[in-house]
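Trainee: Dropping the structure in here first, questions after.
We did not get these values from a lab; they are worked out from the coordinates using the rules stated. The model shown is predicted, which means the values in this text are computed figures rather than measured ones. Virtual Cβ from ideal backbone geometry, glycine too; neighbours counted across all protein chains shown.
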Amino acid sequence: MKAAVLRAPDDVVLQDVATPSAGPGELILKVKAATVCGTDIRILRGRKTKGVRFPSVLGHEFAGEVVEVGAGVSQFSCGDPVSVNPVIPCRKCAYCKTGRENVCQNRQAIGYEFDGAYAEYLKVPALALESGNAVRIPQGMPYEAAALAEPLACCINGLRNVGVELGDVVVILGAGPIGLMHAALARRAGARLVIMSEPNEMRRQAALDRGVDIACDPTKEDLAQVIRGVTDGLGADVVILAIGVPALANEALKLVRKGGRVNLFAGFSAGDMATFDVNLVHYNEIIVTGASALRRQDYETALKLLAGGLIDANSLVTHRFELADAVEALKEAESGRALKVAIRND
Ligand SMILES: [Zn+2]
Ligand SMILES: [Zn+2]
């Protein structure tokens with residue numbers, strides 16, 4: 001079969017590899033749609049290394065059709081449309097046992113430790129089936145929408161950590177696909193105002209088209225002043241960093257009200273450091289939170305929101321490529337011209 005193989009940092013090629021077959025407890029999917037994640041680009045450029053192997057196949061946001069069922073698998077049959085939560089918790093460590101399986105000490109993931117979805121076929125490991133990570137999707141749900149359940153679930157995890165409440169003013173820094181997902185979820189969670197900060201004009205417009213209240217150009221406008229103008233001078237309730245720029249962490253602290261909450265959602269490059277005004281956190285009693293991966297329950301919630309049309313996934317996919325052009329697709333995703341890039345294999 002064809003697969004986009006990552007041979008080393010900066011070196012990804014489409015090549016023939018052995019087609020996987022199902023061992024006991026495993027499934028083989030024909031990948032129907034995979035979407036490109038910002039993390040894939042960071043891996044490709046050598047800026048993220050945890051869990052990364054060479055050679056390997058990337059792609060952890062995907063859905064497909066079951067084409068082979070391993071011995072002992074009774075819950076799926078050939079032809080089933082399936083999407084898979086790629087993050088597999090061990091279910092045994094201290095974190096798994098206390099409800100924080102997203103930070104499992106023995107966490108493994110498809111697209112990292114297991115080969116991912118930029119390929120014609122994908123093997124769903126037995127471990128993923130045992131932990132219920134594979135989910136049958138409703139007939140007729142677009143595979144592309146199901147692929148987006150993973151990033152949406154990560155956003156749901158971040159949203160829970162930062163605690164968006166009814167009536168909140170939520171500010172999101174960065175209007176990429178993740179920022180737009182946060183905006184849509186914040187709205188569903190009851191935010192009174194959703195404000196986006198984004199220097200790229202195309203992305204600001206995309207945010208406004210998708211229902212964001214205010215889209216601010218931080219290079220030309222004073223974002224803090226805009227926020228104070230709509231919050232009686234107090235500041236935002238919540239700021240979510242949806243772009244991995246360390247210096248923005250301090251900016252985020254200046255945008256929230258006393259007792260406000262900040263979520264450092266986007267990943268940073270290994271070793272990144274930032275300086276921040278410690279007194280902002282101290283005197284303003286600001287709560288700073290992080291976000292890592294997703295829990296199985298987040299994945300199921302995300303799928304239900306997408307299947308029910310409560311989050312419009314289709315509008316996030318702006319560029320589509322065939323698997324044969326997977327390398328091109330990664331380049332397009334890196335260019336910043338696209339929102340979400342999908343790789344299809346019909
Ligand atoms: Zn992702
Ligand atoms: Zn664990």
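Trainee: Local charge sum around G179 (other residues, Cβ-Cβ under 11 Å, Lys/Arg +1, Asp/Glu -1)?
Mentor: Taking every other residue near G179 into account, the sum is +2.
Trainee: Within 10 Å of each residue's Cβ, count the other Cβ atoms and sort S315, S131 from fewest upward.
Mentor: Lowest to highest Cβ neighbour count: S315, S131.
Trainee: Residue by residue through segment 159-167, which ³J(HN,Hα) values in whole Hz follow from phi under the Karplus form 6.51 cos²θ - 1.76 cosθ + 1.60 (θ = phi - 60°), with glycine and proline marked x?
Mentor: Values, residue by residue: 4, 5, 4, 8, x, 6, 10, 3, x Hz.
Trainee: Separate question: Give the Rg/Rh ratio for the chain, taking Rg as the radius of gyration of the Cα atoms and Rh as the Kirkwood radius, to two decimals.
Mentor: On the way: Rg = 20.1 Å, Rh = 20.6 Å.
My calculation puts Rg/Rh at 0.98.
Trainee: Can you give the Rg to Rh ratio for segment 73-128, taking only C-alpha atoms and Rh from Kirkwood?
Mentor: On the way: Rg = 13.1 Å, Rh = 12.7 Å.
Answer for segment 73-128: 1.03.
Trainee: Grab the DSSP H runs of the chain that are 4 residues or longer, score each as -39,500 (n - 2.57), total them, divide by all residues and round the 222 nm result to the nearest 500 deg cm²/dmol.
Mentor: Working: 12 runs with 100 residues, N = 346.
Per the formula, -8000 deg cm²/dmol.
Trainee: Could you list D209, D168 in order of exposure, starting from the residue whose Cβ has the fewest other Cβ atoms within 10 Å?
Mentor: Values: D209 11, D168 21.
Fewest-to-most ranking of D209, D168: D209, D168.
Trainee: How much length is gained on full extension from E65 to R100, taking 0.36 nm per residue of separation minus their Cα-Cα distance? If you can, show how the numbers build up before the last one.
Mentor: Working: separation 35, 0.36 × 35 = 12.60 nm, distance 3.01 nm.
Gain on extension, E65 to R100, equals 9.6 nm.
Trainee: I'd like the distance separating the alpha-carbon centroids of segment 183-222 and segment 90-147, in whole Å.
Mentor: Here the answer is 31 Å between Cα centres.
Trainee: Once both labels are modelled 7 Å past Cα along the beta-carbon direction, what's the D16-K30 spacing in nm?
Mentor: Here the modelled spin labels are 2.0 nm apart.
Trainee: When DSSP beta bridges are limited to those with both residues in the chain, what percentage is antiparallel, rounded to the nearest 5?
Mentor: Within the chain, antiparallel bridges account for around 55 percent of the total.
Trainee: How big is the Kirkwood radius of segment 48-168, worked out from every pair of different alpha carbons and given in Å to one decimal?
Mentor: By the Kirkwood definition, the hydrodynamic radius is 15.7 Å.
Trainee: Got a sec to turn the phi values of segment 231-239 into Karplus ³J(HN,Hα) couplings, 6.51 cos²θ - 1.76 cosθ + 1.60 with θ = phi - 60°, whole Hz, x for Gly and Pro?
Mentor: Taking θ as phi minus 60°, the curve returns 10, 6, x, 8, x, 6, 6, 9, 10 Hz for segment 231-239.
Trainee: Expressed in nm to one decimal, what extension gain is obtained for the pair K258 and R45 from 0.36 nm per residue of sequence separation less their Cα-Cα distance?
Mentor: Numbers: separation 213, 0.36 × 213 = 76.68 nm, distance 3.86 nm.
Full-extension gain reported as 72.8 nm.
Trainee: Please order L159, L305 by the number of other Cβ within 10 Å, starting at the fewest.
Mentor: Values: L159 23, L305 20.
Neighbour counts put them in this order, fewest first: L305, L159.
Trainee: If amide H atoms are built 1.01 Å from N in the plane of the peptide, which residues on other chains or at least 5 residues away come under 5 Å of the amide H of C216?
Mentor: Residues meeting the amide H criterion: M196, S197, E198.
Trainee: Out of the trypsin sites (Lys or Arg not before Pro) in segment 58-113, which ones are loop residues according to DSSP with at most 12 other C-beta atoms within 10 Å?
Mentor: Details: sites: R91, K92, K97, R100, R107; in loops: R91, K92, R100, R107.
Within segment 58-113, the qualifying trypsin sites (Lys or Arg not before Pro) (loop, at most 12 other Cβ atoms within 10 Å) are K92.
Trainee: Separate question: Which value in Å is the Kirkwood Rh of segment 140-184 over different Cα pairs?
Mentor: Kirkwood hydrodynamic radius for segment 140-184: 11.7 Å.
Trainee: Helix 296-307 versus the longest principal axis of the chain: what angle, 0 to 90°, nearest 10, using Cα atoms?
Mentor: Approximately 90 degrees, to the nearest 10.
Trainee: Between D312 and R91, how high is the FRET efficiency from 1/(1 + (r/R0)^6) when r is the Cβ-Cβ distance and R₀ = 41 Å? Nearest 0.05.
Mentor: 0.75
Trainee: I've got another one for you. Rounded to the nearest 5, what is the percent of antiparallel bridges among the DSSP beta bridges in segment 155-289?
Mentor: Numbers: 0 of 20 bridges.
Antiparallel: roughly 0 percent of the beta bridges in segment 155-289.
Trainee: Tell me, what does the Kirkwood hydrodynamic radius of segment 155-289 come to in angstroms if you use every pair of distinct C-alpha atoms?
Mentor: Kirkwood hydrodynamic radius for segment 155-289: 14.5 Å.
Trainee: Continuing with this model, one more query. Residues with beta-carbon under 10 Å from that of I88, excluding I88: net charge, scoring Lys, Arg +1 and Asp, Glu -1?
Mentor: Residues close to I88 contribute a combined charge of 0.
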